[in-house]
Amino acid sequence: MNEYSKEISVVVPLFNEAESLPELLAWIKRVMEAHQFTYEVIFVDDGSTDGSWSLIEQFAADDHVHGIKFRRNYGKSPALFCGFRQAVGRVVITMDADLQDSPDEIPELYRMITEDGYDLVSGYKQKRYDPLSKTLPTKLFNATARKVSGIHNLHDFNCGLKAYRLEVVKSIEVYGEMHRYIPYLAKNAGFGRIGEKVVHHQARKFGKTKFGGLNRFVNGYLDLVSLWFLNSFGLKPMHVFGFLGSVMFFLGFIAVVIVGATKLFHLWNGVPAPLVTQSPYFYIALTTMILGTQLFVAGFLGELISRNSERRNEYHIEKEI
Ligand code: UDP
Ligand code: MG
């Protein structure tokens, strides 16, 4: 335990949440002091324009508080990534800045990581205080994420309130909008003990949600497909493209045999043979052979890219003796 310089790091990504910040920090401090945790709070200001940063500057007079300021708004995932890079606590807690997540959950989350042996514990907003337009699509989203990731015990992948063992946040790379799939990232990095805790949720007190609009669902699904692909074939692209290419070639080959055999059959019997271009199989052969070639080329390119990647031999080693 002494190898960690703090027990808890709280990472808070924020974008224009000035109204909530003072209350949030006071609440976190209250909980930490009541339980006598050694802790730090890392505020990551994701390009706010509402004076959030000047508040953080004032907070930083307290040694427990650190701040990171982005030059512009990059998104929640980059904010988490930079917060994770700085964190030193044995347990890292992420929490939204809008007071929707309750700091009172921290002690139990800490206990679940340190005593129950979880690598990651995700909050589950069983009773949500968000509009229906948000909660309904979220149900669908979570069902798909459960299926694709194979993490069947999570109800709420995208809950902002989560706790991690420090090694987990140092081993995953949250980029783009991948904060929705952190449990999946963790699982792919080899951290399979993933748990869930029902947490209290409140309606947003100030400001409004930064994730409105429907395109986040389209993007969310595309990200899930990317993650699935990277995890399954990232290191061996030829296995998928080569397989699909072979299937295409096989179909093409059968079509060619049909075209050729029909022609020969007619010639053999001395009847005038129709032109091969009149047979649908001719076109099937043409298309599938071209597709097959392209798929193989994609596979070779994929292999070249992964061969040349500096990270091709980056594995997470748990122990060495
Ligand atoms: N956030 C951020 N960068 C962004 C968008 C959001 O750091 O580009 C932060 C935001 O300030 C909040 C958290 O991410 O602390 C969750 O955002 P929000 O509460 O708007 O999402 P919701 O709870 O509505 O899903
Ligand atoms: Mg919120």
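Remarks
- For the range 222-242, filtered to residues that are touching a helix residue (DSSP H, G or I) at 6+ places or on another chain (Cβ under 7 Å) and under 30 Å from S133 (Cβ atoms), the residue that is nearest to ligand 2 (Cβ to nearest atom) is D223.
- Residues that are over 19 Å from Q100 (Cβ atoms) and crowded, with 17+ Cβ neighbours inside 10 Å within the range 145-166 comprise A145, R146, S149, I151, Y164, R165, L166, listed in sequence order.
- Qualifying residues in the range 102-147 (those that are hydroxyl-bearing (S, T, Y) and within 16 Å of ligand 2 (Cβ to nearest atom)) - the one nearest to the chain's Cα centre (by Cα): S122
- Close pairs from the range 239-264: first farther than 27 Å from L301 by Cβ, partner among the small types (G, A, S), Cβ under 6 Å, at least 6 apart: V259/S279; K263/A273
- Figure legend. Inter-residue proximity from the range 30-48: first residues assigned by TED's automatic domain parsing to the domain that holds T94, second residues surrounded by fewer than 21 Cβ atoms within 10 Å (Cβ to Cβ) and among the hydroxyl-bearing types (S, T, Y), beta-carbon distance below 7 Å, spacing 6+ or different chains. Indicated pairs: D46/Y74; G47/Y74.
- Filter result for the condition that a residue is among the acidic types (D, E) and either within 28 Å of E177 (Cβ to Cβ) or within 16 Å of ligand 2 (Cβ to nearest atom) (or both), over E7, E40, E3, E57: E40
The rows are residues; the columns are (1) of a type in the set (F, W, Y); (2) over 29 Å from R128 (Cβ atoms); (3) in contact with a helix residue (DSSP H, G or I) (Cβ under 7 Å, 6 or more places away or on another chain).
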| site | (1), (2), (3) |
| --- | --- |
| V174 | no, no, yes |
| I194 | no, no, yes |
| G213 | no, no, no |
| V218 | no, no, no |
| L244 | no, yes, yes |
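- Summed over the range 108-135, the residues that are crowded, with 21+ Cβ neighbours inside 10 Å and of a type in the set (D, E, K, R) give a count of 2.
- Among the residues of the range 1-37, those identified as modelled with pLDDT of 95 or more and assigned to a loop (DSSP other than H, G, I, E, B) are F15, N16, E17, A18, E19, S20, H35, Q36, F37.
- Looking only at residues of the range 38-95 that are assigned to a loop (DSSP other than H, G, I, E, B), touching a Gly at 6+ places or on another chain (Cβ under 9 Å) and more than 16 Å from ligand 1 (Cβ to nearest atom), we find that the one that is farthest from M112 (Cα to Cα) is A60.
- Residue list for the range 103-126, restricted to those being closer than 18 Å to V31 by Cα and within 13 Å of ligand 1 (Cβ to nearest atom): G123
- No other residue among V247, V198, V257 is of a type outside the set (S, T, N, Q), closer than 30 Å to L304 by Cα and either away from ligand 2 (no atom under 16 Å from the Cβ) or loosely packed, with under 15 Cβ neighbours inside 10 Å (or both) apart from V247.
- The range 157-195, residues that are within 16 Å of ligand 2 (Cβ to nearest atom) and of a type in the set (D, E): E177
- Yes/no for L161 being under 20 Å from N219 (Cβ atoms) and of a type outside the set (D, E, K, R): no
The values are calculated or read from the model by the stated rules, or taken from the named source; none is laboratory data. Computed from a prediction, not measured in an experiment: that's the story for all the values here. In this analysis, Cβ positions are derived from the backbone assuming ideal geometry, glycine residues included, and neighbour counts consider all displayed protein chains.
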